[in-house]
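S.K.: I have a structure I would like to understand better, so I am pasting it below and will then ask my questions one at a time.
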Ligand code: FDA
């Protein structure tokens, strides 16, 4: 149960300083993050697209404290949209956005995040692609889903994310499984209290399957965000059961995780989208990747102790 401890420790400034400065950190970050610059991310996009994989790009930036940072993050996404428009990849390259990067947690954050995300969603549409709103900790879920509903009035292709560890998510799936609605189902990566979320991994997995059934049986477009071989196999089975063709749902995995499985699913004729994070603010993302896999954490701590 080191994961939750690590997620809590990740909020400490002193731990952030130690981890960020340790020489052993960089090579591990490079496994999960495509690079610090927009150009680095576009190199990863070209490489993955050439191998038949689609992508969604995340400009890293979260937990900001100033409105100016929210504007900087918005502008980084506008630059990204311009690069995608130039590359002419259409929906083969979409964008994932964390509303906290756009100011959701600041005073008046709901309206601020909405105001900042609108130009990004407009720019995505002009570039022939779309945006998916990542889901962060449970305190943001109502605001994020309300912003999603607002955006979908003009841009119905805007994607949602739901997390199977939350008790509420089966209901959210029912509400979202409607015509044209793109929904990414994930297990959830934040430290959540027992009054809102399953704490036992088996319960999270069972909830994932229940939610997947709702999405696959519904009228929306399910995006199966998981590296778990059982969830992948169950998604394939449910797609067969509900008569979904290969272009009527997709798999999604994170950059640097189970690349061989990503290629295998493409070879089987599935749509497979890789989530590519890039940018300098990689700390929170990196700590969540360590927390969700004990082997990553053990490797990192060993390296830190011997070489850090
Ligand atoms: P699980 O954690 O059970 O892992 C199954 C197997 O996958 C492991 O045994 C291992 O082989 C491999 N694996 C998983 N994580 C690994 C890692 N870090 N390193 C190496 N191998 C690993 N969460 C969230 O709260 N909000 C969000 O918006 C998103 N967005 C998102 C997009 C996409 C495309 C994906 C794939 C995931 C997310 N997530 C997320 C993260 C998600 O909630 C979850 O934490 C991870 O996907 C890990 O859960 P799995 O379903 O992969 O299963």
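S.K.: Looking at (1) in contact with a helix residue (DSSP H, G or I) (Cβ under 6 Å, 6 or more places away or on another chain); (2) closer than 21 Å to residue 252 by Cβ; (3) in contact (Cβ under 8 Å) with a residue 60 or more places away in the chain, can you tell me which one residue 191 breaks?
M.R.: (2)
S.K.: Looking at 205, 247, 219, can you tell me which residue is in contact (Cβ under 8 Å) with a residue 24 or more places away in the chain and either touching a strand residue (DSSP E or B) at 6+ places or on another chain (Cβ under 9 Å) or within 11 Å of the ligand (Cβ to nearest atom) (or both)?
M.R.: 205
S.K.: Now a separate question. Does at least one position in the stretch 22-36 carry a residue that is loosely packed, with under 15 Cβ neighbours inside 10 Å, within 23 Å of residue 72 (Cβ to Cβ) and away from the ligand (no atom under 16 Å from the Cβ)?
M.R.: Scanning the stretch 22-36 turns up no residue that is loosely packed, with under 15 Cβ neighbours inside 10 Å, within 23 Å of residue 72 (Cβ to Cβ) and away from the ligand (no atom under 16 Å from the Cβ).
S.K.: Residue pairs, Cβ under 8 Å, 6 or more apart or interchain, first in the stretch 163-186 and over 15 Å from residue 198 (Cα atoms), second modelled with pLDDT under 95 and within 16 Å of the ligand (Cβ to nearest atom). List them.
M.R.: none
S.K.: Also: Considering each of 257, 276 in turn, give the residue that is closer than 25 Å to residue 131 by Cβ and either exposed (fewer than 14 other Cβ atoms within 10 Å of the Cβ) or out of contact with any strand residue (DSSP E or B) (no Cβ under 8 Å at 6 or more places or on another chain) (or both).
M.R.: 257
S.K.: If you go through the stretch 54-95 one residue at a time, how many are touching a strand residue (DSSP E or B) at 6+ places or on another chain (Cβ under 8 Å), over 16 Å from residue 132 (Cβ atoms) and touching a residue at least 60 places away in the same chain (Cβ under 8 Å)?
M.R.: Within the stretch 54-95, residues that are touching a strand residue (DSSP E or B) at 6+ places or on another chain (Cβ under 8 Å), over 16 Å from residue 132 (Cβ atoms) and touching a residue at least 60 places away in the same chain (Cβ under 8 Å) number 1.
S.K.: Quick check on this structure: which one of 233, 197 is within 13 Å of the ligand (Cβ to nearest atom), crowded, with 21+ Cβ neighbours inside 10 Å and farther than 29 Å from residue 153 by Cα? Steps first, please.
M.R.: Values: 233 fails: crowded, with 21+ Cβ neighbours inside 10 Å.
Testing whether each residue is within 13 Å of the ligand (Cβ to nearest atom), crowded, with 21+ Cβ neighbours inside 10 Å and farther than 29 Å from residue 153 by Cα leaves just 197.
S.K.: Mind checking which residues of the stretch 122-139 are assigned to a loop (DSSP other than H, G, I, E, B), crowded, with 19+ Cβ neighbours inside 10 Å and either in contact with a helix residue (DSSP H, G or I) (Cβ under 7 Å, 6 or more places away or on another chain) or at pLDDT below 95 (or both)?
M.R.: Answer for the stretch 122-139, where residues must be assigned to a loop (DSSP other than H, G, I, E, B), crowded, with 19+ Cβ neighbours inside 10 Å and either in contact with a helix residue (DSSP H, G or I) (Cβ under 7 Å, 6 or more places away or on another chain) or at pLDDT below 95 (or both): 127, 129, 130, 135, 136.
S.K.: Among the residues of the stretch 154-162, is there at least one that is modelled with pLDDT of 95 or more and over 20 Å from residue 129 (Cβ atoms)?
M.R.: Scanning the stretch 154-162, I find at least one residue that is modelled with pLDDT of 95 or more and over 20 Å from residue 129 (Cβ atoms), so the answer is yes.
S.K.: For the stretch 152-171, give me each residue that is within 16 Å of the ligand (Cβ to nearest atom), outside any strand (DSSP E or B) and closer than 20 Å to residue 127 by Cα.
M.R.: Listed by number, the list holds a single entry, 158.
S.K.: Quick one: in the stretch 289-308, of everything that is crowded, with 20+ Cβ neighbours inside 10 Å and farther than 14 Å from residue 22 by Cα, which residue is nearest to the chain's Cα centre (by Cα)?
M.R.: So, considering only residues that are crowded, with 20+ Cβ neighbours inside 10 Å and farther than 14 Å from residue 22 by Cα, the one nearest to the chain's Cα centre (by Cα) is 289.
Listed here are the residues, each with its yes/no results for (1) under 29 Å from residue 185 (Cβ atoms); (2) at pLDDT below 95; (3) assigned to a helix (DSSP H, G or I).
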position: 7; (1), (2), (3): yes, yes, yes
position: 16; (1), (2), (3): no, yes, yes
position: 23; (1), (2), (3): no, yes, no
position: 44; (1), (2), (3): yes, no, yes
position: 48; (1), (2), (3): yes, no, yes
position: 62; (1), (2), (3): yes, yes, no
position: 65; (1), (2), (3): no, yes, no
position: 69; (1), (2), (3): no, no, yes
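S.K.: Now a separate question. For the stretch 96-121, what are the residues that are touching a residue at least 12 places away in the same chain (Cβ under 8 Å), out of contact with any helix residue (DSSP H, G or I) (no Cβ under 7 Å at 6 or more places or on another chain) and more than 16 Å from the ligand (Cβ to nearest atom)?
M.R.: Selection gives 109, 118.
The values are calculated or read from the model by the stated rules, or taken from the named source; none is laboratory data. None of the values given here were measured: they were computed from a predicted structure. As a convention, Cβ positions derive from the backbone with ideal geometry for all residues, glycine included, and neighbour counts pool all protein chains shown.
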